[in-house]
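Worksheet for the structure shown next.
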Amino acid sequence: MASSRATARQQGPLSDALRERYKHDAAKAAAEMVQDGMRVGLGTGTTVAHLLPAIAERGLANVRCAATSPATERAALALGLKLADLDELGDLDIAIDGADQIDPGAWLVKGGGRALTREKIVAAAAKVFVVIASEEKAVGELGPPVPLELMRFGARCTLTKLGQARLRDGAESPDGGLIADYLGAVGDPRELSARLSAAPGVIEHGLFAPEMVSVILIAGAAGVQRREGGKPLG
């Protein structure tokens, strides 16, 4: 596995087949980091869909997992993975999840699959948080949309205060919160993160700071390349 602060970028848009292959490659590399006896956090989304069989294929009998969404839970159970509530497991040894955007400083945008609050709780509960992605998710700077989970009470007032934000039609989180997207410029992600966190009615937002991230595995034409985040390994 190559180690690099940059990822070789594909010329032009990726084909669907190539994108899925890269997701598979990143997921397989992350699955190799799971050891028997670990407590593992499982993210949500299309890249995690490749991760679950990659973990199951390893045949680790004593791995217990916490899922971040009903979809992940159903898929994991179908593959024979052992699941438990996060509160039962306590601190996790490792959590693995995808990302919608990854900038050069290891800031992430996550939550396109509507499970952003659970994903952030699981990432924070893990000693090691690994992010997996295909190469088109690596960007020069973060941009909109940034997913939000909102309280139902006063949601329109919350959106008005935020400014450039709108609800996703019919979308809700696994815990019943409304899903919206912040559509303004991101600029300094730390400043926007603080602003969104301070807004009454915002349960959580999809900006993940580098200090939450241990390792980023980005798969592309050059193979799986590794970036370091701000959370120490072990």
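Structure data summary
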| item | result |
| --- | --- |
| Single residue of segment 15-42 satisfying the filter (assigned to a loop (DSSP other than H, G, I, E, B) and in contact (Cβ under 8 Å) with a residue 60 or more places away in the chain) that is farthest from R64 (Cα to Cα) | M33 |
| Every residue from segment 44-93 that is among the hydroxyl-bearing types (S, T, Y) and part of a helix (DSSP H, G or I) | T72 |
| In segment 94-103, residue surrounded by the fewest Cβ atoms within 10 Å (Cβ to Cβ) [restricted to those that are part of a loop (DSSP other than H, G, I, E, B) and not hydrophobic (A, V, I, L, M, F, W, C)] | D103 |
| Segment 158-168: number of residues that are exposed (fewer than 14 other Cβ atoms within 10 Å of the Cβ) and either in a strand (DSSP E or B) or touching a residue at least 60 places away in the same chain (Cβ under 8 Å) (or both) | 1 |
| Residues that are touching a residue at least 60 places away in the same chain (Cβ under 8 Å) and farther than 17 Å from F129 by Cα, drawn from segment 70-95 | P70 |
| Conditions (1) touching a Ser or Thr at 6+ places or on another chain (Cβ under 9 Å); (2) closer than 30 Å to A199 by Cβ; (3) modelled with pLDDT of 95 or more: number failed by G113 | (3) |
| Residues of segment 43-67 classified as free of Cβ contacts under 8 Å to residues at least 60 places away in the same chain and farther than 17 Å from A219 by Cβ, total | 12 |
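So that you can scan it fast, the table gives a plain yes or no per residue for (1) in a helix (DSSP H, G or I); (2) touching a residue at least 12 places away in the same chain (Cβ under 8 Å):
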position	(1), (2)
G105	no, yes
G113	no, yes
E141	no, yes
R156	yes, no
G170	no, no
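The values are calculated or read from the model by the stated rules, or taken from the named source; none is laboratory data. Owing to the predicted nature of the structure, the values given are computational and were not obtained by experimental measurement. A quick note on method: Cβ atoms are made from the backbone with ideal geometry, for glycine too, and the neighbour counts reach across all protein chains shown.
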